[in-house]
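For reference, the structure is listed below as structure tokens.
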Amino acid sequence: MVFLPAQDFQLSSRFYEEIGFTKTIASEKSAQFMLQDVGFWLQDYYVDAWAGNTMLCLYVDDIHAWARHLDGLDLVKRYGGVAKVLSEPHMQEGGIMMQFCDPAGVLWHVREAASA
């Protein structure tokens, strides 16, 4: 399971819960988040180069539903522009994908599961 950085641990925790992850284990300095069978540990620890170079891929059944879900959250307004959708669903090598970043700058690639 991967570990992710958080520049503001509370803000990042809230972000992941709002986009649909469930906090399954929590302590003062770390928390485990799960979405179906996908999970990671969020740490109250931050290194700019680490956050800026971390990329994860999330496979979903319906990328357009996922995009509508993120758009409906208005991430830019809720998170002051630090968490945002970077690209709407589009064709790329390997299928349809979109991208968003979390409050620490971690980049997520979202792909439709059928495109995997």
Worksheet item: Under a point-charge model restricted to the Cβ atoms of Lys and Arg (+1) and Asp and Glu (-1), what is the dipole moment magnitude of the chain relative to its Cα centre, in debye to the nearest 20?
Response: 180
Worksheet item: Counting GluC sites (Glu not before Pro) as exposed when in a DSSP loop with at most 10 other beta carbons within 10 Å, what is the longest stretch of the chain free of them?
Response: 29-92
Worksheet item: When the Kirkwood radius is taken over all Cα pairs of region 56-116, what Stokes-Einstein diffusion coefficient follows at 37 °C and 0.692 mPa s, in µm²/s?
Response: 283
Worksheet item: Debye sum, Cα scatterers, the chain, no solvent: what log₁₀ I/I(0) at q = 0.10, 0.14, 0.15 1/Å?
Response: -0.27, -0.55, -0.63
Response to the item:
For the chain, the accessible surface attributable to carbon and sulfur atoms (probe 1.4 angstrom, ligands and nucleic acids excluded) amounts in percent to 52
Worksheet item: Using a 1.4 Å probe, what is the accessible area per residue for the chain, in Å²?
Response: 53
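By how many nm would the segment from residue 45 to residue 92 lengthen if fully extended, with 0.36 nm per residue of separation less the alpha-carbon distance?
Numbers: separation 47, 0.36 × 47 = 16.92 nm, distance 3.30 nm.
Full extension of this stretch gives 13.6 nm more.
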Worksheet entry | Pair residue 57, residue 24: separation of 7 Å Cα→Cβ label points (nm) | 2.2
Item to complete: Positive end of the charge dipole of region 55-109 (Lys, Arg +1 and Asp, Glu -1 on Cβ, about the Cα centre): tell me which of 79, 90, 101 has its Cα farthest that way.
Response: 79
Item to complete: Output ³J(HN,Hα) for region 68-78: one whole-Hz value per residue in order, computed from phi by the Karplus curve 6.51 cos²θ - 1.76 cosθ + 1.60 with θ = phi - 60°, and x for Gly and Pro.
Response: 5, 4, 5, 4, x, 7, 6, 4, 4, 5, 5
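The values are calculated or read from the model by the stated rules, or taken from the named source; none is laboratory data. What you see is a predicted model; the values in this text were computed from it and never measured. Note: ideal-geometry Cβ built from the backbone for every residue, glycine included; neighbour counts use all protein chains shown. Just so you know, the surface numbers come from the protein's heavy atoms only, side chains and all, with ligands and any DNA or RNA stripped out. Shrake-Rupley method; radii C 1.70, N 1.55, O 1.52, S 1.80 Å.
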